[in-house]
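**Student:** Structure provided below as structure tokens; questions to follow.
Readers should treat all values here as calculations from the given coordinates under stated rules, not as data from a laboratory. Everything numeric here is computed off the predicted structure, so don't read it as measured data. Counting neighbours? That spans all protein chains shown, and the Cβs are built from the backbone with ideal geometry, glycine included.
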């Protein structure tokens, strides 16, 4: 079953794949990465003037990465805005998607977070740099191939607890706790 937007896209010869509807009845479409920017501009002109959210996830082991866009068509004097979910799938080895920052400014931090966590490059994004992880981080923590390793775990511990010194030679004895109760009183 195709939704209203899918029928409109077919009528105008725009390539996409309908993925059905989610549990809330929101139409979900798959767009190829090479077609995404032009279709994003068309959707904006069509009336989808608000990017509610953007996220990314790992589809399946050995599979693809997905960048998901939730768009809303907000019009004056309409009680129920029209919504659509767009999914753009990319390979893990070279995940590149055109940025929609110049269409919806709210994509700025959201695309940066997807880059920072999964390593998806958003072409033509003006400030595509780390937003959550330290600049010294190697790889992407949620990327299935280039995620956490021993070096990054050590760097993360230094970032979270910079003054923490592990006590490797401490051995508990009854004498080691003498005097602690007096400090508390």
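**Student:** Starting from the Cα of residue 58, step 7 Å along the direction of its Cβ; do the same at residue 15; then give the gap between the two resulting points in nm.
**Tutor:** The two pseudo-label positions are separated by 2.9 nm.
**Student:** Shape of region 4-166 from its Cα gyration tensor (a ≥ b ≥ c, root eigenvalues): rounded if a/c is under 1.5, otherwise prolate when a/b > b/c, or oblate?
**Tutor:** Note, shape of region 4-166 comes out prolate.
**Student:** Subtract the Cα-Cα distance of residue 105 and residue 132 from 0.36 nm times their separation in residues, and report this length gain in nm to one decimal.
**Tutor:** On the way: separation 27, 0.36 × 27 = 9.72 nm, distance 1.92 nm.
Value of the extension gain: 7.8 nm.
**Student:** Moving on. Order these peptides, 133-139, 100-106, by their mean beta-carbon neighbour count within 10 angstrom, highest first.
**Tutor:** 100-106, 133-139
**Student:** Any idea what the relative contact order of region 4-166 is, in percent, if you count C-alpha pairs under 8 Å spaced at least 6 apart?
**Tutor:** Relative contact order here is 16 percent.
**Student:** Using 0.36 nm per residue, how much length does the chain from residue 80 to residue 7 gain when fully extended, once their Cα-Cα distance is taken away?
**Tutor:** 24.3 nm
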